[in-house]
Amino acid sequence: MAIFFKRIHDLRVDNDLKQKDVALMLKVNVNTYPHWESGMYEMPIEMIDKLSKFYNCTIDYLTGLSNYRGSFKKNYNSDELCLRLKRLRKERHLSQEEIGNILGFGQMNYSRYETGKVLIPFSKLYLIAKKFNVSLDYLMGKSDDKNIEILVH
């Protein structure tokens, strides 16, 4: 399930860039980026991180979860992401099975994401952020602040 993030499109247009320009900056095929921007295909976490750096904004802002544009100097950290998924679950006193069922992933998939055996798709990470009202930048290890202002879409 890919998600269309309007703000990614808007930031590109506001900066007078063509999709080809962003594709070249991301070092991806010029035919790939338009599919990500339109939500036809899911953008990898690393590319979301690169875009936030390029536009000098938070990932929460980039995806429309927050109006706080600021930026974080820390890089995305996959190991930290796994630890923070586990911490989030434990803080809510949930088992892997319970959180997997709440999110619709099932226990096995959530366990793989939490242990780092499988990289969590960004759409699932976004769902976790929205469901538990927690910052994507926090989950990805870019910020130590969990708080986020969830916008009504």
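All of the numbers you see were taken from the coordinates with simple rules; none came from a lab. Just so it is clear, the structure is predicted and the values come from calculations on it, not from any experiment. All Cβ positions, even for glycine, are placed from backbone atoms using ideal geometry, and neighbour counts span all protein chains on display.
Among the residues of segment 75-121, those that are touching a Leu at 6+ places or on another chain (Cβ under 9 Å), assigned to a helix (DSSP H, G or I) and of a type in the set (A, V, I, L, M, F, W, C) comprise Leu81, Leu85, Leu88, Ile99, Ile102, Leu103. Just to be sure before I move on: is Ser71 of a type in the set (Gly, Ala, Ser), closer than 18 Å to Ile3 by Cβ and surrounded by 13 or more Cβ atoms within 10 Å (Cβ to Cβ) in the structure I sent? For Ser71, the condition - of a type in the set (Gly, Ala, Ser), closer than 18 Å to Ile3 by Cβ and surrounded by 13 or more Cβ atoms within 10 Å (Cβ to Cβ) - is not met. Name, by its number, the condition in (1) touching a residue at least 12 places away in the same chain (Cβ under 8 Å); (2) exposed (fewer than 15 other Cβ atoms within 10 Å of the Cβ) that does not hold for Val28. The single condition Val28 does not satisfy is (2). Of all residue pairs spaced 6 or more apart or on separate chains, those with beta-carbon atoms under 9 Å, a first member in segment 36-50 that is within 16 Å of Arg12 (Cβ to Cβ) and a second member that is of a type in the set (D, E, K, R) and surrounded by 14 or more Cβ atoms within 10 Å (Cβ to Cβ) are Trp36/Glu42; Glu37/Arg12; Met43/Glu37.
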